[in-house]
1. Holding the Cα-Cα limit at 29 Å, pick out from A:56/A:331; A:34/A:54; A:54/A:299; A:209/B:54; A:56/A:299; A:54/A:331 the pairs that are longer than that.
2. Using Cα centres only, tell me the gap between the stretch A:339-373 and the stretch B:124-138 in whole Å.
3. Quick one: ranking A:363, A:72 by accessible area, 1.4 Å probe, largest first, what do you get?
4. Return the ratio Rg/(2.2 N^0.38 Å) for the stretch A:151-220, where Rg is computed over Cα atoms only.
5. How well do other chains shield peptide B:38-45, expressed as the mean number of their Cβ atoms within 10 Å of each residue Cβ?
6. Only helical DSSP H runs with n ≥ 4 go in: add -39500 (n - 2.57) per run for the protein assembly as shown, normalise by residue count and round the 222 nm mean residue ellipticity to 500 deg cm²/dmol.
7. Name the long-range amide H neighbours of residue A:325: under 5 Å, sequence gap of 5 or more, or other chain; modelled H, no Pro or chain starts.
8. Over the whole of A:390-400, what's the average partner chain Cβ count within 10 Å per residue? Rounded to a whole number, please.
Amino acid sequence: MSDFSSSASAFYQPEIETLPREAIRALQLERLKKQIAWAYARVPWYREAFLKRKVKPEDIRSLEDTRLLPFTDKSVLRDTYPFGLVAVPLEEIVRLHASSGTTGKPITVAYNQHDLQIWSECVARIAVMAGVTRADRVQMAFGYNLFTGGFGLHYGCERLGCLIVPAGAGNTERHLMMIQDYQTTALISTPSYAMHLCEAGEASGLDWKASSLRIGLFGGEPCTPGLRHELEQRMHIRCTDNYGLTEVMGPGVSGECLCSRDEQHINEDHFFWEIVHPETGEPVSENEEGELVLTPLSKEAFPVLRYRTRDLTRVTTEPCACGRTHARMRKVRARTDDMLIIRGVNVFPRQVEDALAGIEGVTTHYRIALDNETGLDRMTVMVELTPSAFSDSFEEMDHFRQHVAARLKQALQVSAVVRLVEPGSIARAFGKTRHVEDQRNKA
Amino acid sequence: MAVAQISVFLENQPGHLKRILAAFEMEGINVRGFSASDTGDYGIARFILDKPRKGLSVLQNMGCAATSAEVLCARLPDHPGELARVMGIIADAGINVLYGYSLISAIIAIHVENIVQAEELLRHQPIELVTQDEISSPQDNA
């Protein structure tokens with residue numbers, strides 16, 4: 001299946017990856033129609049949802065008609081747990097994966113052989129986009145478990161022809177040993193684990209500059225520009241991010257190429273994307289930010305139509321310097337779940353973080369508390385003072401507090417009460433940190 | 001002549017001052033005077049310590065926002081009018097007292113705008129200024 005012949009090739013499947021845009025759209029429409037008919041014929045939940053909206057598969061004649069279809073969101077997967085959306089006989093299923101449910105039952109998805117083939121192909125493509133070649137030795141630091149990251153990237157890299165070291169999560173000393181002994185060149189991990197490895201390596205005298213490692217394929221949590229820069233400087237690697245979610249497949253939906261940092265090519269022959277307004281669900285125009293909605297086009301076992309990812313991004317179809325014609329989505333840094341509406345203004349916690357990063361004398365750790373005891377929304381931002389910004393004078397401290405508040409207001413377009421807190425007093429956590437405590441309407 | 005004062009930024013929460021004091025105790029640092037004032041959300045605790053430099057580094061190692069400033073310490077006879085006399089001298093010279101508090105016995109610490117001038121003024125009055133050495137000495141109980 002793979003057309004990968006030369007190790008220097010910049011594409012995994014050049015004929016697909018450089019397809020003219022009209023041809024991509026035509027292929028998407030053809031596959032979308034099939035996928036819709038497949039889900040309608042085989043999944044009772046979809047049939048009912050179509051009936052409720054008085055829509056039939058044959059009503060979809062163009063990609064724009066997709067908006068006639070119902071959305072699928074996480075609650076649908078929860079309500080049909082575990083096999084309600086499965087479209088093939090269970091004997092045909094060869095793999096289950098599940099997303100980490102923080103509350104209640106996990107979201108479970110199923111794959112048949114065909115689905116796993118497509119998945120590996122998608123992952124192989126994004127690995128090549130990130131600069132990985134079949135000559136690379138890939139060290140896996142994701143766990144091999146229900147989480148799609150481990151197995152998804154494993155089989156994708158194996159499909160590409162890499163040597164893969166299935167080390168799994170944890171055991172930092174062994175990871176460091178394997179990097180040195182097996183001379184591995186690419187690391188698959190979360191960015192925070194990469195930072196942990198970096199520090200442990202430095203502490204044990206490992207010279208990262210001289211090490212064989214050259215690429216980081218990161219996922220599982222957002223990698224902030226600051227963390228990426230630090231990893232690149234200290235580990236002497238190129239950090240790349242890829243995107244995917246369990247509900248539509250796993251990693252391999254989109255990935256960063258070497259030409260456009262912070263933007264990821266969507267594997268459009270396998271995923272139809274839409275960007276919609278998070279509240280109305282109506283499409284927004286190209287290059288405008290909105291919620292990413294994905295319809296996998298090549299799934300058999302677990303078809304999902306118009307999945308609401310809750311991830312906010314914008315997509316461009318402008319040509320990319322790498323030669324790929326597939327649309328690029330901006331790296332996701334916020335989710336619709338994160339969005340706060342304060343006195344009618346949309347505020348994202350990451351805006352607070354970005355603003356704090358530009359202010360001398362505070363750290364980027366913060367907490368937001370919301371209340372409306374007085375009838376009006378009030379946002380209080382707890383900000384950590386750095387030791388160097390402390391002054392023995394209340395007057396100076398108050399000036400400083402007002403300065404931080406003014407900068408935040410400038411960035412957020414809504415005023416916030418700033419509370420200075422002691423250095424180190426805000427709990428540190430990687431990944432899905434809870435930054436917001438919303439006490440509105442609770443008093 | 002001026003005495004070192006160690007200030008630390010504290011959130012106005014139970015246990016935060018205690019944490020600082022416990023650290024001083026563990027390091028064998030004697031607190032000879034202190035004041036804690038607040039703005040509602042946060043406060044500044046100020047300490048006169050027998051080992052101010054050590055005290056500052058203990059706080060810094062704990063990751064606290066702490067700093068050192070100079071204050072004048074004067075030992076006042078324990079009878080009416082003494083505090084008024086000291087403050088009067090400073091006020092008459094047009095120097096602003098930013099804050100003040102008393103230490104062990106009747107020693108007061110004051111932070112003023114112009115510490116050199118204020119010290120000079122008080123030195124020429126029958127007022128007993130207390131030195132860092134006296135503060136640091138465990139014998140000083142007067």
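1. Too far apart for the 29 Å limit: A:56/A:331; A:209/B:54; A:54/A:331.
2. With the stretch A:339-373 and the stretch B:124-138 each reduced to a Cα centre, they are spaced 49 Å.
3. On the way: A:363 30, A:72 0 Å².
So, going from the largest accessible area down, we get A:363, A:72.
4. Working: Rg = 11.8 Å, N = 70, 2.2 N^0.38 = 11.1 Å.
Relative to the rule-of-thumb radius for its length, the stretch A:151-220 sits at 1.07.
5. On the way: counts 1, 5, 1, 8, 8, 1, 6, 0.
The mean count of partner-chain Cβ atoms within 10 Å per residue comes to 4.
6. Values: 16 runs with 179 residues, N = 585.
After summing the helix terms and dividing by the residues of the protein assembly as shown, the value is -9500 deg cm²/dmol.
7. Those qualifying (amide H under 5 Å, at least 5 residues apart or on another chain) are A:18, A:19.
8. 5
The values are calculated or read from the model by the stated rules, or taken from the named source; none is laboratory data. From a predicted model like this one, the values you see are computed outputs, not experimental measurements. Using ideal geometry, Cβ is built from the backbone for each residue, glycine included, and neighbour counts are taken over all protein chains shown. These accessible areas exclude ligands, DNA and RNA; they are computed on the full protein's heavy atoms, side chains included. Shrake-Rupley method; radii C 1.70, N 1.55, O 1.52, S 1.80 Å.
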